[in-house]
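Okay, structure first, notes after.
The values are calculated or read from the model by the stated rules, or taken from the named source; none is laboratory data. All values derive from a computational prediction rather than experimental measurement. Every residue, glycine as well, gets a Cβ built from its backbone with ideal geometry; the counts of neighbours run over all protein chains shown.
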Amino acid sequence: MDPKKKEEIISDLIKFRKGKEYYDKIGKPWKRGYLLYGPPGTGKSTMVAAMSNFMDYDVYDLELTTVKDNTELRKLLIDTPTKEEGEG
C-alpha cells in the first residue's frame, strides 16, 4: 500500500475514534464507511482486518445469499456471537 495513503487512513481512523462526543452532540450516528474495490487478491480483506484490529472492532463474515428478507437478516445478526461468547 502507498505509505501516504496508509497514513491518511490511519489519521482518519484516529480522528473518527476521537469524535464520538461530536457525533453525539450533533445527533448523528457515529459511523465511518470505506469503499474497497479491486480484483481478488489485492488486499481488501487484509485491509478490513487491519482496520478492525487498529480500532479494536470485531469483524463478521456473514453468508447473505440465503437471506430472503429483513426479518431473516435481523435474526442472523442477533444470533451472531460476540467475541466473548465465541471464545468460551
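Flag set for Thr80, criterion: under 17 Å from the mean Cα position of the chain (by Cα) and modelled with pLDDT under 90.
Yes/no matrix, rows are residues, columns are (1) free of Cβ contacts under 8 Å to residues at least 40 places away in the same chain; (2) of a type in the set (Val, Ile, Thr); (3) farther than 23 Å from Thr82 by Cα; (4) in contact with a Leu (Cβ under 8 Å, 6 or more places away or on another chain):
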| position | (1), (2), (3), (4) |
| --- | --- |
| Lys5 | yes, no, yes, no |
| Asp24 | yes, no, yes, no |
| Gly27 | yes, no, yes, no |
| Arg32 | yes, no, no, yes |
| Gly38 | yes, no, yes, no |
| Gly43 | no, no, yes, no |
| Met51 | no, no, no, yes |
| Tyr60 | yes, no, no, no |
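Being touching a Ser or Thr at 6+ places or on another chain (Cβ under 9 Å) and either among the small types (Gly, Ala, Ser) or modelled with pLDDT of 90 or more (or both): is that true of Glu72 here? Taking the combined requirement at face value, the residue satisfies it.
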